[in-house]
Amino acid sequence: IDEIGKMEMYSKKFKNCLDALLKSDKDVLATLGKYFVKDYKAFGEIIWLSRQNFNDVYEKIMRKFAKR
């Protein structure tokens, strides 16, 4: 999902779909605005991305999804 941010949360339809998806058994990779970390951290791992750790994060994500 690109992205879960302030503008997207104005849409009730988006919020309902997001909640249904996160409660499902589907694997989800999403970008998450920093203001929503507290609301969604219970649904899975939060990985902070920066220019310095981009390659490490990329490899970590690829390993996680390759196992599925």
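The values are calculated or read from the model by the stated rules, or taken from the named source; none is laboratory data. As the structure is a computational prediction, the values presented were derived from the model and not from experiment. Cβ sites come from the backbone with ideal geometry, for glycine too, and all protein chains shown count toward neighbours. Only protein heavy atoms, including side chains, enter the accessible area calculation; ligands, DNA and RNA are left aside. Shrake-Rupley method; radii C 1.70, N 1.55, O 1.52, S 1.80 Å.
Observations on the structure shown:
- The one condition in (1) assigned to a loop (DSSP other than H, G, I, E, B); (2) at pLDDT 95 or above that ALA20 fails to fulfil: (1)
Conditions tested, residue by residue: (1) among the aliphatic types (A, V, I, L, M); (2) touching a Ser or Thr at 6+ places or on another chain (Cβ under 9 Å); (3) without any contact (Cβ under 8 Å) to a residue 24 or more places away in the chain.
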position	(1), (2), (3)
ASP25	no, no, yes
GLY33	no, no, no
ASP39	no, no, yes
ILE46	yes, no, yes
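- If you go through the stretch 13-53 and keep only what is in contact with a helix residue (DSSP H, G or I) (Cβ under 9 Å, 6 or more places away or on another chain), closer than 16 Å to ASP2 by Cα and of a type in the set (A, V, I, L, M, F, W, C), you end up with PHE14, LEU18, LEU22, VAL28, LEU29, ALA30, LEU32, PHE36, ILE46, ILE47, TRP48, LEU49.
- All conditions but one from (1) in a helix (DSSP H, G or I); (2) open to solvent by less than 90 Å² (accessible area, probe 1.4 Å); (3) of a type outside the set (A, V, I, L, M) apply to TYR58; the one that does not is (2).
- Neighbours by Cβ (under 7 Å, 6+ apart or cross-chain): first from the stretch 1-16, modelled with pLDDT of 95 or more; second among the charged types (D, E, K, R): PHE14/GLU8
- Within the stretch 31-54, the set of residues being open to solvent by less than 80 Å² (accessible area, probe 1.4 Å) and at pLDDT 95 or above comprises just one member, ASN53.
- Residues of the stretch 1-30 that are of a type in the set (A, V, I, L, M), farther than 23 Å from LYS67 by Cβ and open to solvent by less than 100 Å² (accessible area, probe 1.4 Å): ILE4, MET9, LEU18, ALA20.
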